[in-house]
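Take a look at the structure set out below.
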Amino acid sequence: MAKARSNDTCIDETHGNYLCQVSETVSCGACCGLYNLPNISRVKLENLLSERTDTFASVPRTEDGLYEFQRRNKGPHRLSRPFAQFHHCPFLGFISGNRSRVGCLLHPAAPGNCGIDYRSQSWYGELACRTYFCPATHKLPSVYQSILIQTADNWYDFGLIVTEHALLTAYFEEIESRLGRPIEVNDYTQNNRAADAFREFIKLKSKWPYRRHDSPGPCNFFFENGQYPRPGVFRSTPDIQLSPYEKILKELDSGFSSAEEIAAAEQLLDNLFLKTVQGIL
Ligand code: SF4
Ligand code: SF4
């Protein structure tokens, strides 16, 4: 049986790595809709979560108190969310004293809850909150998961990439193909240059300069229910050729208006792959 999602850092008994809470600075709230807000940036999200966490500290842990907090924090819900049918939970906040880790303010281990689980007050309900695991937890190979959790250095970038199992798999497969062997965790943990290059790749999720014009932004809808499938690479003219990195470009939600533009995107990726492999060899 899968270990319930928790605010504690620990090992998932079924899947090996526990991706939801990794360390004091790395954690995720993507399935709670953390990134499903318009025009997100790390600073904006930090400010929102900080304010919410401050307010929540004095909220009475009663049905009325929690309901009132939820009602008052529904602001982001009324804005146009990138994925309208996907919630953004108002109980997402910071769960570490130094505001370095995101998590659930209703969790029994969250500050002020004295071990009591208040997640029954959430939109999804307690059972879903306790037991849901996103596809990456079972689709992303364990060695790739391990490299990710040992290399990522902040919650914002980590939560944006961790659900992107197809993107991560395509990245690691490219590195393995260039190395001519399967990747190992040590390849990254013992090589600063490789780890730095991988962190640069992770940042492409928020900073990708070739995102198609109608992209919902960096938020990922990963529920595999057919509601918001990610389209193929957008090409404004038919003479833009298929790319050797087609899979990666698709998962980065890319769009191109010229052959020169896609060539520049490929060059950017090439440089990152080269830097990674040179760090490992
Ligand atoms: S999106 Fe996946 S990794 Fe992130 S908190 Fe949810 S289950 Fe955990
Ligand atoms: S109440 Fe549920 S959906 Fe909201 S932050 Fe907590 S775990 Fe996520």
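The values are calculated or read from the model by the stated rules, or taken from the named source; none is laboratory data. As the structure is a computational prediction, the values presented were derived from the model and not from experiment. Positions of Cβ are backbone-derived with ideal geometry, glycine not excepted, and every protein chain shown enters the neighbour counts.
Annotations
- Boolean, K250 is surrounded by fewer than 18 Cβ atoms within 10 Å (Cβ to Cβ) and within 24 Å of I175 (Cβ to Cβ): no
- V26 vs. criteria more than 14 Å from ligand 1 (Cβ to nearest atom), out of contact with any Ser or Thr (no Cβ under 7 Å at 6 or more places or on another chain), at pLDDT 95 or above and of a type in the set (A, V, I, L, M): no
- Subset of the range 176-193 (residues that are in a helix (DSSP H, G or I) and surrounded by fewer than 23 Cβ atoms within 10 Å (Cβ to Cβ)): E176, S177, R178, L179, N186, T189, N192, R193
- Some residue of the range 37-56 being over 30 Å from S215 (Cβ atoms), at pLDDT 95 or above and among the aromatic types (F, W, Y): yes
- Set side by side, the residues P238, P209 differ, and just one is of a type outside the set (S, T, Y) and either at pLDDT 95 or above or at positive phi (or both), which is P209.
- Residues located in the range 224-272, provided they are in contact with a Lys or Arg (Cβ under 6 Å, 6 or more places away or on another chain) and farther than 22 Å from A84 by Cα: V233, F234, G255, F256
- Residues that are surrounded by 15 or more Cβ atoms within 10 Å (Cβ to Cβ) and either of a type in the set (G, A, S) or within 16 Å of ligand 1 (Cβ to nearest atom) (or both) within the range 66-88 comprise P82, F83, F86, H87, H88, listed in sequence order.
- Only one of T131, T62 that is within 11 Å of ligand 2 (Cβ to nearest atom) and out of contact with any Phe, Trp or Tyr (no Cβ under 9 Å at 6 or more places or on another chain): T131
- Residue within the range 77-85 that is in contact with a helix residue (DSSP H, G or I) (Cβ under 9 Å, 6 or more places away or on another chain) and within 16 Å of ligand 2 (Cβ to nearest atom) present: no
- Hits in the range 23-51 (condition: within 20 Å of A109 (Cα to Cα), within 16 Å of ligand 2 (Cβ to nearest atom) and surrounded by 20 or more Cβ atoms within 10 Å (Cβ to Cβ)): S27, C28, G29, A30, C31, C32, L34, L49
- Tally, over the range 236-275, of residues that are outside any helix (DSSP H, G or I) and touching a residue at least 24 places away in the same chain (Cβ under 8 Å): 6
Results for (1) closer than 25 Å to D157 by Cβ; (2) within 14 Å of ligand 1 (Cβ to nearest atom); (3) of a type in the set (D, E, K, R); (4) part of a loop (DSSP other than H, G, I, E, B), shown as yes or no for each residue.
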| site | (1), (2), (3), (4) |
| --- | --- |
| P90 | yes, no, no, yes |
| S100 | yes, no, no, yes |
| P108 | no, no, no, yes |
| P111 | yes, no, no, yes |
| I116 | no, no, no, yes |
| C129 | yes, yes, no, no |
| C134 | yes, yes, no, yes |
| H138 | yes, yes, no, no |
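- Scanning the range 99-148 for residues that are surrounded by fewer than 17 Cβ atoms within 10 Å (Cβ to Cβ) and within 14 Å of the chain's Cα centre (by Cα) yields a count of 1.
- P218 part of a loop (DSSP other than H, G, I, E, B) and in contact with a helix residue (DSSP H, G or I) (Cβ under 6 Å, 6 or more places away or on another chain): yes
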